[in-house]
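Scroll down for the structure; my scribbles are underneath it.
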Amino acid sequence: MREQHLRPSPISATVDFEADGVQHGFLRLPYSRDDSAWGSVMIPITVVSNGEGPTALLTGGNHGDEYEGPIALFDLALKLDPAEVRGRVIIVPAMNYPAFLAGTRTSPIDRGNLNRSFPGRPDGTVTEKIADYFQRVLLPLADIVLDFHSGGKTLDFLPFCAAHILADKQQEAKAFECVAAFGAPYSIKMLEIDAVGMYDTAAEEMGKIFITTELGGGGSATAKSAGIAKRGVLNVLRHAGIIRGEIEPQPTEWLDMPDADCFAFAEEPGLVEFLVDLGDTVERGAVIARIYPTGRTGAEPFEVHARMDGLLIARHHPGLIKAGDCCAVLAVRV
Ligand SMILES: [Zn+2]
């Protein structure tokens, strides 16, 4: 087993995962640096426990510029009463805390993309140490894992909750029951561009029920998108039997991402003009966007075409685009 030759994590929790009640504390990660010789990264964590029952691990800020998750989870940590809970809720609103504080996707310390750093290393970079702690300490405690994402500063999404197609069909079915309970406006069978190193993959390979979201983007949150996150997390906890009460049923449209033709990438840099908006449908071959060269007038724009019939679920943000950027993502109605 890999675990046997790894040293213990350098991260220590100021909360006791086995104690009942509500505890607000930190995951303290030693980080010696110019402005703090024996300093630490202090990642906020809340644990709310009450007796026997399942454990939900709720996370946001895996990418530091995505805000619906942190908003919903700072709010939940403030309000969740242990008397309402059966089992345990572990809340980490900002997993990659240095990235969250900097308002960037990756860590300003080591440029680490936490969601490409799993399983991590206890003797690696700051980001790898965070990944390792989730891999070997927090994920094993969990039955259900909800990891909030949004588009961040360079993508914008239709609001959806998602799970992945898995080899274990029972695990997959339970994940999609959680997606349905979350009740986002859209629910998706999600295909990843490259699943290697993702938290999602780490949780799924451990047999956990794992769901994720993309709830908006552009590096901010709206009242509507934050509301979807706040309602969704309560619905998932009700579905798991961790808190009492009926799930608030929400209309959702089920979508599928059948293959890599869902993704359209920019092949030239420039000024992007979208000819369709989020939620619009396009036919295969249609022009989704034009990219104008910015160096001169009188040059023809590069066209980004749909490689399949579908609904626009994500688009590049903001107005300038680089070669290789993900320009558009399509999905099909189920
Ligand atoms: Zn993300």
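The values are calculated or read from the model by the stated rules, or taken from the named source; none is laboratory data. No experiment lies behind these values; they were computed from the predicted model shown. Positions of Cβ are generated from backbone atoms using ideal geometry, with glycine treated the same way; all protein chains shown enter the neighbour counts.
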Take Phe100 and decide whether it is within 16 Å of the ligand (Cβ to nearest atom), in contact with a Gly (Cβ under 6 Å, 6 or more places away or on another chain) and part of a helix (DSSP H, G or I).
yes
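State which residue is farthest from Ile45 (Cα to Cα) when the search covers only the stretch 114-136 and only residues that are polar (S, T, N, Q) and crowded, with 17+ Cβ neighbours inside 10 Å.
For the stretch 114-136, the residue satisfying everything is Ser117.
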Filter pass, Pro8 being more than 22 Å from the chain's Cα centre (by Cα), exposed (fewer than 14 other Cβ atoms within 10 Å of the Cβ) and more than 16 Å from the ligand (Cβ to nearest atom)
yes
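Looking only at the stretch 48-67, filter to residues that are closer than 30 Å to Thr154 by Cβ and away from the ligand (no atom under 16 Å from the Cβ); which one of those is farthest from the chain's Cα centre (by Cα)? Outline the logic, then answer.
Filtering the stretch 48-67 down to residues closer than 30 Å to Thr154 by Cβ leaves 56-67.
Then drop every residue that is not away from the ligand (no atom under 16 Å from the Cβ), which leaves 56-57.
Details: Ala56: 15, Leu57: 13 Å.
The qualifying residue farthest from the chain's Cα centre (by Cα) is Ala56.
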Residue within the stretch 68-76 that is more than 25 Å from Ala202 (Cα to Cα), modelled with pLDDT of 95 or more, in contact with a Lys or Arg (Cβ under 7 Å, 6 or more places away or on another chain) and away from the ligand (no atom under 16 Å from the Cβ) present:
yes
Does Arg121 qualify as being part of a strand (DSSP E or B) and over 19 Å from the mean Cα position of the chain (by Cα)?
no
Residue that is farthest from Ala240 (Cα to Cα) [pool: residues in the stretch 136-172 that are of a type in the set (Asp, Glu) and in contact (Cβ under 8 Å) with a residue 60 or more places away in the chain]:
Asp156
Checked pairs for the stretch 1-20, first closer than 11 Å to Ser49 by Cα, second modelled with pLDDT of 95 or more and loosely packed, with under 11 Cβ neighbours inside 10 Å, C-beta under 9 Å and 6 or more apart or across chains, list as Asp20/Gly51
One residue is enough: does the stretch 67-74 have a residue meeting the conditions in a loop (DSSP other than H, G, I, E, B) and assigned by TED's automatic domain parsing to the domain that holds Ile144?
yes
Could you tell me whether Ala173 is assigned by TED's automatic domain parsing to the domain that holds Leu27, closer than 15 Å to Thr212 by Cα and not aromatic (Phe, Trp, Tyr)?
yes
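I want to confirm something. Restricting to the stretch 133-166 and keeping residues that are assigned to a loop (DSSP other than H, G, I, E, B) and within 19 Å of Tyr186 (Cα to Cα), which single residue is nearest to the ligand (Cβ to nearest atom)?
Filtering the stretch 133-166 for residues assigned to a loop (DSSP other than H, G, I, E, B) gives 142-143, 148-151, 158-159, 165-166.
Restricting the remaining residues to those that are within 19 Å of Tyr186 (Cα to Cα) gives 148-151, 158-159, 165.
Details: Phe148: 8, His149: 3, Ser150: 7, Gly151: 8, Leu158: 15, Pro159: 14, Ile165: 20 Å.
Result: His149.
If you check Gly25, Gly39, which single one turns out to be more than 15 Å from the ligand (Cβ to nearest atom) and over 27 Å from Thr213 (Cβ atoms)? Give the steps one after another, and end with the answer.
Working: Gly25 fails: over 27 Å from Thr213 (Cβ atoms).
Residue meeting the stated conditions: Gly39.
Sort out which residues of the stretch 208-234 are basic (Lys, Arg) and either within 16 Å of the ligand (Cβ to nearest atom) or over 23 Å from Leu312 (Cα atoms) (or both), and write them in order of number.
Across the stretch 208-234, the qualifying residues are Lys208, Lys230, Arg231.
Here is a yes/no grid of residues against (1) over 22 Å from Arg105 (Cα atoms); (2) among the polar types (S, T, N, Q); (3) in contact with a Pro (Cβ under 7 Å, 6 or more places away or on another chain); (4) assigned by TED's automatic domain parsing to the domain that holds Pro119:
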| residue | (1), (2), (3), (4) |
| --- | --- |
| Ile209 | yes, no, no, yes |
| Lys224 | yes, no, no, yes |
| Ala240 | yes, no, yes, yes |
| Glu248 | yes, no, no, yes |
| Pro251 | yes, no, no, yes |
| Asp280 | yes, no, no, no |
| Gly285 | yes, no, no, no |
